[in-house]
Structures are given as C-alpha cells and as structure tokens.
Amino acid sequence: MSENTMTLFKLLSALFEYPDQAMLQALPELMTIIGEDAALEPAEREAIAVFASWLADSDLTEAQAGYVRTFDMAPEHALHLTHHLFGDDKNRGPALIDLGEYYKSYGLELGTNELPDYLPLVLEFASMLEPVEAQVFLDPFAKAIAQLGANLNAADSPWAPLVRLIEAHARLVPSTFVPAAQPVTDAICNDDDCETPVTWGPATPPAVQPIAAAH
C-alpha cells in the first residue's frame, strides 16, 4: 500500500456521500486533484474520473433518487459494512462497539449520527492513517467490501467500480475470495463459519497523533 491511499480514501469517502449541489460544485476541483496527483494509479484515476463525469452529466434529482434506491432501499447495497458480515446476527452489536472503541483509541470522537461502520466514515478515518495502519484497519472489512462490490456490480451501479478501488487496498494477505452477488440476509460471517472474531487493529493502539472528530 502506497502513500496515494490517503488521497484516494479521502476522495472516495466524499463520493459515497449523498449527492448534493455542493458535491456537484466540487467536481471541477476533484478533477484537478485527480489530474495533479501523480501518486494515483492510472486505473484509480480513470475510475474516479468516469464516475465524476457521470455525476456531472446527471440531473441532480435523478442522481439523488438513484442514491436512495441503491443504498437506502436495497439492504444488499448497504453502506454499513458489518451488515454484510453479520446481517441481523447478535455478533454485529459487539463488533460495532469494538469499532467505536478503536476510533477512540486514536483520539477520534465521532461527530456524526452514523454508525461507525458507515463506509464514508470508515474511508475518512483510513485516510488519516499511515498506509500500513490503514491496511490493518481495513483488513477485517475486506470480505464485506468485496461482497458490496459484487452486489453493486450485479446491479450495474455506477458506484461499483469505486468499491473495487477500495477492495484493492483492503487486504493484508491476497485472497482468492470472489463473492457472487447475494442478499444481505445471507451474511458472510456467522457463529458457524467465522474462523476468528472480527477485531480492528492491534491490541495496543499505534503511536499516532490524536485525530480531530470526523465531520
């Protein structure tokens, strides 16, 4: 994982938020950042540019309706990552609590009503970490991210290629896991097939500067 991930995660965090007028107005600046950041891989630059062009050419009301249909009305596309791991299983609650505590170990107090596994928030936090720390943080999410990408790809969603960019940086060890699209009710991880509990990062927080609250 290289230094480009800080910029990449920050950009993707913004692009997975609900599209509004401010986002549309920021697209020219976004395209400038993409063009000037030599650290971005060509495939990353192209995927983000294609998405930004699609959004810029879309009617805002239609883009907003598409976002709601995709992420708010289809559980298999949920941006809350532990939902793909556990569904409504009882293990999801402790995983969310542990994730919130992990944020606090870095000095981050959440200034949002979103759950701590909300993808834009996860990416925002990852963008604040050193590259290796970000990969350690994202690794437990890897299967959920892959599943979300498969589900969005099956729906031919414009957000699917962006998930693939995240997936490429979300594993400590390469995997042959290639999920088929599936509803979130068929959670990937449960009491029977989880090899290890879901945990975030090392037991002792790395020595980093405290991070300001997310916005």
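Computed from the coordinates by the stated procedures, all read-outs in this text should not be read as laboratory data. Given the structure is predicted, the values throughout are model-derived calculations rather than measurements. We place every Cβ from the backbone using ideal geometry, glycine too, and count neighbours over all the protein chains shown.
Table for the structure above
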{"quantity": "Among 31-41, 81-91, the order from most to least packed when residues are scored by Cβ within 10 Å on average", "calculated": "81-91, 31-41"}
{"quantity": "Anisotropy class of region 1-159 from Cα gyration tensor, a/c 1.5 cut", "calculated": "oblate"}
{"quantity": "Reciprocal mean inverse distance between Cα atoms of region 100-164 - Kirkwood radius, Å", "calculated": "13.0 Å"}
